[in-house]
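Colleague: Please see the structure below; I have some questions.
The values are calculated or read from the model by the stated rules, or taken from the named source; none is laboratory data. This structure is a prediction, so every number in the text was calculated from the model and none was measured. A quick note on method: Cβ atoms are made from the backbone with ideal geometry, for glycine too, and the neighbour counts reach across all protein chains shown. The accessibility values were calculated without ligands, DNA or RNA, using every heavy atom of the protein model including side chains. Shrake-Rupley method; radii C 1.70, N 1.55, O 1.52, S 1.80 Å.
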Amino acid sequence: VFANKGVTKEVKIKQRHSFGGDAPEGVLCFEAFETSMGSFTIKDVAVPEQMSCVWEFSSQYKCMKATAFSNPNNYASESWLISPEITIPAGMKAYLTFEHAGGYFGTPANEATVWVSKDGGDWEQLAIDPDDYPTSWTFINAGNWDLGKYAGSKIKLGFKYFSTATKAGTWEVRNVSVMSGEY
């Protein structure tokens, strides 16, 4: 069950995997990040030379985790966690939801953002409600985003992490779902 601002939606998942031929009804894409990064990929734009990566799978927390903090230093970085291609059939209503945790951000709306690329085109940012940003290490629902305008298209999702030498937060993401229907 996902809950956000008092509204709950039950989602039944029969198998934890990236989408495939046997995906549960209503799920266009699902990745839990319980055992790996699945079929998501990482695109590093700027990784500090002092670090080997920004995004990585965390077996401890069963999520994908991004940070450019290496005690005691913050580093400037930009790195994207990118979904596999997701087809949203013509005429279908769809939405994105996921859970995240984290902290130590300067301005989360600039440092932990979600984007959509339609048919391999430019990236378009989705707006996260400021109340849906994590402020602790407890995973919360990040809200729901209507993806209906992408019906009849192939999309990719991008989770963009950005940091500076002044502030490098930590962002943890899990249970990414693109669902058919309305939220």
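Colleague: Would you mind computing Rg(Cα) / (2.2 N^0.38 Å) for region 109-156, counting N as its residues? Each step should come with its number before you reach the end.
Modeller: Details: Rg = 12.7 Å, N = 48, 2.2 N^0.38 = 9.6 Å.
Relative to the 2.2 N^0.38 Å estimate, region 109-156 comes out at 1.33.
Colleague: Where the accessible area of region 92-183 is counted over protein heavy atoms with a 1.4 Å probe, how much of it, in %, is carbon and sulfur?
Modeller: Exposed carbon and sulfur together represent 47 percent of the surface.
Colleague: Quick one: which of 167-176, 110-119, 83-92 comes out on top by average Cβ neighbours within 10 Å, and what's the full order, highest first?
Modeller: Packing proxy ranking, top to bottom: 167-176, 110-119, 83-92.
Colleague: So what is the 222 nm mean residue ellipticity for the chain from helices alone, if each DSSP H run of at least 4 adds -39500 (n - 2.57) and you divide by all residues, rounding to the nearest 500 deg cm²/dmol?
Modeller: -500 deg cm²/dmol
Colleague: Also, quick follow-up: So if we plug the beta-carbon distance of V45 and S180 into 1/(1 + (r/R0)^6) with R0 = 30 Å, what FRET efficiency do we get, rounded to 0.05? Mind dumping the intermediate values first?
Modeller: Values: r = 32 Å, r/R0 = 1.06.
Efficiency for this residue pair is about 0.40.
Colleague: Let me ask something additional. Rg/Rh for region 32-93: what does it come to with C-alpha atoms and Rh from Kirkwood?
Modeller: Rg/Rh for region 32-93 comes to 1.10.
Colleague: Right, here's the next one. Which of P108, T41, L96 sits farthest toward the positive end of the charge dipole of region 34-111, with +1 on the Cβ of Lys and Arg and -1 on the Cβ of Asp and Glu?
Modeller: Selected residue: L96.
Colleague: Could you state the principal axis extents of the C-alpha atoms in the chain, from the largest down, to the nearest angstrom?
Modeller: Reported extents, whole Å, longest axis first: 49, 35, 29.
Colleague: Now, a different point. Can you compute 3J(HN,Hα) from phi for each residue in region 62-67, using the Karplus curve 6.51 cos²θ - 1.76 cosθ + 1.60 with θ = phi - 60°, rounded to whole Hz and x for Gly and Pro?
Modeller: Along region 62-67, the couplings run 6, 7, 9, 10, 10, 7 Hz.
Colleague: Let me make sure I get this right: for region 94-183, a, b and c are the square roots of the gyration tensor eigenvalues over alpha carbons, sorted descending. Under 1.5 in a/c it's rounded, otherwise prolate if a/b > b/c, else oblate. Which is it?
Modeller: oblate
Colleague: If you don't mind, there's one more thing I want to ask. Can you compute 3J(HN,Hα) from phi for each residue in region 130-141, using the Karplus curve 6.51 cos²θ - 1.76 cosθ + 1.60 with θ = phi - 60°, rounded to whole Hz and x for Gly and Pro?
Modeller: Here the 3J(HN,Hα) series is x, 6, 9, 7, x, 10, 8, 8, 8, 5, 10, 6 Hz.
Colleague: For region 43-63 and region 82-112, what is the separation of their Cα centres, given in Å?
Modeller: Here the answer is 18 Å between Cα centres.
Colleague: With every protein chain present, what is the per residue accessible area of the chain (1.4 Å probe, Å²)?
Modeller: On the way: 9170 Å² over 183 residues.
On a per-residue basis, the chain sits at 50 Å².
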